[in-house]
Amino acid sequence: MAKVVLKGSLSPGVVGKDVIIALCGLFNKDEVLNHAVEFVGDGVANLSMSARMTIANMTTEWGALAGVFPFDEVTVKYLRSRVPEFTNSGRPGTRSSKSRSGYTNADIDEWWKNRTDLNADSDAEYAIELELDLATVVPHVSGPNEVKTMVSLPEMERKRVAIQKAYLLSCVNARFEDLHDAAEVVRARGGHVADGVEFYLAPASAEVQARSESNGDWETLLGAGAIPLPPGCGACIGLGRGLVQKGETAISATNRNFKGRMGDREALVYLASPAVVAASALTGFICAPTNFNERPAGTAVRRPEKKSRPAASVQIMEGFPSSVSGRVLFIDKDNLNTDGIYAGKYTYRDDMTPEQMAAVTFENYDPNFNTLYQKGDVVVAGFNFGTGSSREQAATALKYKGIPCVIAGSFSETYKRNAFNNGFVVFECPELVTHLRATLTDHAATTVGPEITIDYAKSILSVDGKSFSFPPLSPAAQELIVAGGAENLVASRLRAKQKASV
């Protein structure tokens with residue numbers, strides 16, 4: 001667990017999207033990688049449910065597993081507002097008497113009475129504690145094409161970065177409050193979407209659109225020239241109308257802006273709040289809806305001392321290789337996302353053969369990778385490898401290609417689990433990454449490196465005459481690899497159980 005202490009209150013015009021962009025940019029060195037993040041502090045009470053949802057949604061882009069806010073009066077008020085929907089007898093679908101897909105006011109009363117059970121223990125320990133003064137947060141944008149790279153709006157305005165596309169859509173920032181913020185910008189500024197800019201608008205749901213229509217926000221945005229799209233992911237995952245094209249620059253309220261995710265990999269995409277997206281669409285360049293002065297962020301970091309990891313031996317089971325040797329292909333890139341490993345445009349194609357999948361690995365990151373690759377090459381990458389969308393093809397495609405393993409400074413836990421569940425070896429060795437960064441002078445996206453030998457029994461790898469230890473692969477991990485993945489392992493166990501019962 002990681003604790004994030006939020007202090008104070010946001011300035012007028014600063015919203016939840018600005019908070020999570022600030023957190024991603026200020027703490028971008030794996031501080032919360034694979035942690036569940038608990039948000040606490042007096043500043044939490046000053047955040048709306050919409051702001052909390054935005055922040056929690058994008059904790060995965062920050063590298064965390066989940067973001068958790070306290071069960072407080074703000075939560076209760078929101079839950080009560082949704083009771084009519086969850087108790088509506090006309091809800092689609094059929095639920096059993098034991099279904100937990102709905103709740104009543106009585107349920108909320110019971111949860112509130114026992115709310116202390118939902119809090120962390122008073123003596124809870126955290127791997128790291130971060131602090132952010134909300135009053136010091138000013139609007140920033142993330143990017144281009146990087147969630148953890150942020151630039152202040154005042155700086156962006158000085159650069160006058162022209163845009164051709166603007167997007168107000170996706171699960172993170174197309175709720176009623178987001179559409180309202182954007183509509184208020186249009187009302188305050190007047191005018192129309194700038195020439196040469198396409199402003200795409202999609203609500204988070206049909207319910208959101210109906211509510212937005214009822215108060216005039218939807219019509220205000222359409223009247224300004226926004227192009228309506230149906231509810232859904234759409235351009236956020238590179239599907240449907242309005243994808244960003246080669247050479248274009250876009251500003252988006254989505255949660256991810258990885259290269260090639262929203263269209264062509266030779267486009268630039270920035271992330272920002274709905275108000276910034278609307279203001280930028282009207283002016284034709286990235287800007288804030290109002291003037292903000294730059295100021296230093298009020299932050300603090302507290303963490304326990306990190307213990308060194310001793311080398312350890314492990315028993316190698318039958319069928320698992322005791323050692324692997326091959327050439328290093330070094331991908332010197334932190335936060336390489338699953339879109340970069342296996343492009344989203346292929347994710348929903350279930351007609352692709354293993355060979356076809358293998359042929360497009362790392363296409364969004366480096367098209368030259370497949371020219372450099374030789375069968376048996378060991379891929380070594382930077383930190384937080386496999387962040388972003390959970391897609392098993394980002395692991396299986398590498399397996400089909402014949403890559404024996406991926407070594408990285410650190411992994412998204414989601415990617416690591418997908419890899420082993422599909423019978424593909426990955427493990428961490430940050431010291432190796434540091435060594436390669438210091439010794440390889442070629443700074444290409446993918447660099448051919450020296451020969452490497454991996455001794456799984458001793459949990460030692462050797463390269464350039466040096467040895468580095470790595471965490472031993474457990475019997476459970478080895479068993480998944482030998483079986484060819486979790487599905488095969490479960491099937492074999494079921495067959496053995498059936499055979500034993502005969």
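At-a-glance table
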| quantity | calculated |
| --- | --- |
| Selection from region 258-271 of residues that are farther than 17 Å from residue 347 by Cβ, crowded, with 24+ Cβ neighbours inside 10 Å and not hydroxyl-bearing (Ser, Thr, Tyr) | 269, 271 |
| Residue count, region 400-423 (criterion: outside any strand (DSSP E or B), without any contact (Cβ under 8 Å) to a residue 60 or more places away in the chain and either touching a helix residue (DSSP H, G or I) at 6+ places or on another chain (Cβ under 8 Å) or surrounded by fewer than 21 Cβ atoms within 10 Å (Cβ to Cβ) (or both)) | 6 |
| Only listed residue being more than 24 Å from residue 421 (Cα to Cα) and either within 33 Å of the chain's Cα centre (by Cα) or touching a residue at least 60 places away in the same chain (Cβ under 8 Å) (or both), chosen from 490, 463 | 463 |
| Any pair with Cβ under 6 angstrom, 6 or more apart, that starts in region 19-30 at a residue that is of a type in the set (Val, Ile, Thr) and ends at one that is part of a loop (DSSP other than H, G, I, E, B) | 19/137; 20/58 |
| Which numbered condition residue 256 fails, given (1) in contact (Cβ under 8 Å) with a residue 24 or more places away in the chain; (2) under 24 Å from residue 195 (Cα atoms) | (2) |
| Single condition residue 251 does not satisfy, out of (1) under 24 Å from the mean Cα position of the chain (by Cα); (2) in a loop (DSSP other than H, G, I, E, B) | (2) |
| Only one of 461, 480 that is within 27 Å of residue 325 (Cβ to Cβ), in contact with a Leu (Cβ under 7 Å, 6 or more places away or on another chain) and in a strand (DSSP E or B) | 461 |
| Matching entry among 145, 215, 173 (being touching a His at 6+ places or on another chain (Cβ under 9 Å) and touching a residue at least 24 places away in the same chain (Cβ under 8 Å)) | 215 |
| Answer from 189, 115, 95, 175 - the residue that is under 30 Å from residue 235 (Cα atoms), of a type outside the set (Val, Ile, Thr) and open to solvent by 50 Å² or more (accessible area, probe 1.4 Å) | 189 |
| Neighbours by Cβ (under 6 Å, 6+ apart or cross-chain): first from region 52-80, in contact (Cβ under 8 Å) with a residue 40 or more places away in the chain and aliphatic (A, V, I, L, M); second part of a helix (DSSP H, G or I) and open to solvent by less than 40 Å² (accessible area, probe 1.4 Å) | 58/20 |
| Scope region 41-71; condition assigned to a helix (DSSP H, G or I), open to solvent by 40 Å² or more (accessible area, probe 1.4 Å) and either over 19 Å from residue 10 (Cα atoms) or of a type outside the set (A, V, I, L, M) (or both); matching residues | 46, 57, 60 |
| The lone exception for residue 452 - which of (1) in contact with a Leu (Cβ under 7 Å, 6 or more places away or on another chain); (2) surrounded by fewer than 20 Cβ atoms within 10 Å (Cβ to Cβ) it fails | (2) |
| Top-ranked residue in region 216-227 [being of a type in the set (A, V, I, L, M) and part of a loop (DSSP other than H, G, I, E, B); ranked as surrounded by the most Cβ atoms within 10 Å (Cβ to Cβ)] | 226 |
| Residue satisfying all of: in region 201-215; part of a helix (DSSP H, G or I) and among the hydroxyl-bearing types (Ser, Thr, Tyr); surrounded by the fewest Cβ atoms within 10 Å (Cβ to Cβ) among these | 214 |
| Hey, residue 197 over 30 Å from residue 81 (Cβ atoms), open to solvent by less than 50 Å² (accessible area, probe 1.4 Å) and in contact with a Leu (Cβ under 9 Å, 6 or more places away or on another chain) or not | yes |
| Residue match in region 272-280 (condition: open to solvent by 10 Å² or more (accessible area, probe 1.4 Å), assigned to a loop (DSSP other than H, G, I, E, B), more than 24 Å from residue 387 (Cβ to Cβ) and modelled with pLDDT of 90 or more) | no |
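Residue-wise test of (1) touching a strand residue (DSSP E or B) at 6+ places or on another chain (Cβ under 7 Å); (2) modelled with pLDDT of 95 or more; (3) not in a helix (DSSP H, G or I).
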{"position": "78", "(1), (2), (3)": "no, yes, no"}
{"position": "84", "(1), (2), (3)": "no, no, no"}
{"position": "89", "(1), (2), (3)": "no, no, yes"}
{"position": "123", "(1), (2), (3)": "no, no, yes"}
{"position": "135", "(1), (2), (3)": "no, no, no"}
{"position": "166", "(1), (2), (3)": "yes, yes, yes"}
{"position": "170", "(1), (2), (3)": "no, no, yes"}
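This table checks each residue for (1) open to solvent by 20 Å² or more (accessible area, probe 1.4 Å); (2) assigned to a loop (DSSP other than H, G, I, E, B); (3) touching a helix residue (DSSP H, G or I) at 6+ places or on another chain (Cβ under 6 Å).
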| position | (1), (2), (3) |
| --- | --- |
| 288 | no, yes, yes |
| 296 | yes, yes, no |
| 315 | yes, yes, no |
| 319 | yes, yes, yes |
| 330 | no, no, yes |
| 334 | yes, yes, no |
| 350 | yes, yes, no |
| 370 | yes, no, no |
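Condition check ((1) at pLDDT 95 or above; (2) over 17 Å from residue 288 (Cα atoms); (3) in contact with a strand residue (DSSP E or B) (Cβ under 6 Å, 6 or more places away or on another chain)) across all residues:
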residue	(1), (2), (3)
182	yes, no, yes
185	yes, no, no
191	no, no, no
196	yes, yes, no
205	no, yes, no
212	yes, yes, no
218	yes, yes, no
223	yes, yes, no
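The values are calculated or read from the model by the stated rules, or taken from the named source; none is laboratory data. Worth saying up front: this structure is predicted, and the values here are computed from it rather than measured. Cβ coordinates were reconstructed from backbone atoms using ideal geometry, including for glycine residues, and neighbour counts include every protein chain displayed. Side chains are part of the model used for accessible areas, which takes the heavy atoms of the whole protein and leaves out ligands, DNA and RNA. Shrake-Rupley method; radii C 1.70, N 1.55, O 1.52, S 1.80 Å.
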